[in-house]
Amino acid sequence: MNVRVLLVEDHELVRSGIQTMLERDPRVEVVGGAANGAEGIEMARRFRPDIVLMDIQMPILNGIDATRQIVRELPNTKVIMLTMHDAETHDLQALNAGAVGYLHKNTNPDDLLRAVHTVAKGDPYLSPESTRRLITSVQTTGTSGRKPGNGDALTEREIELLRYLAKGLKTKQIATEVGLSESHVRSQLSNAYAKLEVSGAAQAVAHAVEKKLI
């Protein structure tokens with residue numbers, strides 16, 4: 001089954017270039033392109049894509065606010081944020097809005113496709129640089145920008161899995177490391193996210209660092 005992708009990017013030339021990169025892969029179907037966040041929300045409602053590739057800075061409605069609304073209305077649609085900026089604040093804002101992936105626009109085509117397929121399978125996708133910035137930001141400021149949930153309720157196993165996430169491992173890799181099935185690891189991580197009151201891996205890692213659990 002193809003991964004259905006919606007592009008939300010205000011620069012038509014950039015949007016066209018991203019579409020060309022995605023269409024190199026016959027398993028990816030680009031269902032539409034929007035020029036601003038408000039248009040992106042409407043197209044997401046219409047097409048119900050698997051993945052939205054979302055620019056951050058756009059006219060009318062920015063990518064952060066558009067992501068927040070899409071995630072709230074369409075929980076089965078996952079958002080990967082695209083940015084030209086290397087800033088911790090953008091990382092945190094995107095993830096706190098509900099994005100499960102974060103990519104720089106200068107990423108190469110193979111990494112872009114890898115991110116799309118990774119997120120489509122249910123895993124988050126952050127570049128190593130983004131993960132390092134997130135952890136550094138939380139360690140420096142002492143806050144992830146959201147009120148954390150009850151980290152004290154995490155089990156030793158859940159904390160162990162979060163440590164692997166912080167190293168950049170995907171679910172399948174973690175399962176191999178700890179000798180559990182991939183589905184069991186997903187279940188354990190979901191429990192950890194619920195306890196921390198976060199929506200995904202990057203937020204969970206940020207909060208675990210904030211609470212000095214990892």
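Looking only at residues that are of a type in the set (Asp, Glu) and open to solvent by less than 70 Å² (accessible area, probe 1.4 Å) in region 45-86, which one is farthest from the chain's Cα centre (by Cα)?
At the first step, the residues of region 45-86 found to be of a type in the set (Asp, Glu) are 50, 55, 65, 73, 86.
Okay, now just the ones that are also open to solvent by less than 70 Å² (accessible area, probe 1.4 Å), so 50, 55, 65.
On the way: Asp50: 13, Asp55: 13, Asp65: 15 Å.
In this case the residue turns out to be Asp65.
Sort out which residues of region 13-44 are of a type in the set (A, V, I, L, M), open to solvent by 40 Å² or more (accessible area, probe 1.4 Å) and under 17 Å from Ile80 (Cβ atoms), and write them in order of number.
Let us first name the residues in region 13-44 that are of a type in the set (A, V, I, L, M), namely 13-14, 18, 21-22, 28, 30-31, 34-35, 38, 41, 43-44.
Now narrow it down to the ones that are open to solvent by 40 Å² or more (accessible area, probe 1.4 Å): 13-14, 21.
Within region 13-44, Val14, Met21 qualify.
Output the residue which, of all residues in region 139-198 that are of a type in the set (Val, Ile, Thr) and open to solvent by less than 40 Å² (accessible area, probe 1.4 Å), is modelled with the lowest pLDDT.
Going through region 139-198, the residues of a type in the set (Val, Ile, Thr) turn out to be 140-141, 143, 155, 159, 171, 174, 176, 178, 185, 198.
Going one step further and asking which of them are open to solvent by less than 40 Å² (accessible area, probe 1.4 Å), we end up with 159, 171, 174, 178, 185, 198.
Details: Ile159: 88, Thr171: 84, Ile174: 90, Val178: 90, Val185: 90, Val198: 76.
Once the filter is applied, the top-ranked residue is Val198.
Starting from region 1-26, keep only residues that are at negative phi, then list their pairs with residues that are open to solvent by 40 Å² or more (accessible area, probe 1.4 Å) and among the aromatic types (Phe, Trp, Tyr) whose Cβ atoms are within a distance under 9 Å, requiring at least 6 positions of separation or different chains.
Every condition considered, the pairs that remain are Arg4/Phe47; Leu6/Phe47.
Determine, yes or no, whether His207 is in contact with a Pro (Cβ under 9 Å, 6 or more places away or on another chain), part of a helix (DSSP H, G or I) and modelled with pLDDT of 70 or more. I'd like the intermediate steps shown before the answer.
Details: in contact with a Pro (Cβ under 9 Å, 6 or more places away or on another chain): yes; part of a helix (DSSP H, G or I): yes; modelled with pLDDT of 70 or more: yes.
Against the criterion (in contact with a Pro (Cβ under 9 Å, 6 or more places away or on another chain), part of a helix (DSSP H, G or I) and modelled with pLDDT of 70 or more), His207 qualifies.
So, of the residues in region 106-138 that are of a type in the set (Lys, Arg) and modelled with pLDDT of 80 or more, which turns out to be nearest to Arg24 (Cα to Cα)? Don't jump to the end; show me each part of the working.
As a first pass, look at region 106-138 and keep what is of a type in the set (Lys, Arg): 114, 121, 132-133.
In the following step, the residues that additionally are modelled with pLDDT of 80 or more were identified as 114, 121.
Details: Arg114: 12, Lys121: 19 Å.
The residue in question is Arg114.
The values are calculated or read from the model by the stated rules, or taken from the named source; none is laboratory data. Owing to the predicted nature of the structure, the values given are computational and were not obtained by experimental measurement. Don't worry about glycine lacking a Cβ; one is built from the backbone with ideal geometry, like all the others, and counts go over all protein chains shown. We work out accessible area using only protein heavy atoms, side chains counted, and drop any ligands, DNA or RNA first. Shrake-Rupley method; radii C 1.70, N 1.55, O 1.52, S 1.80 Å.
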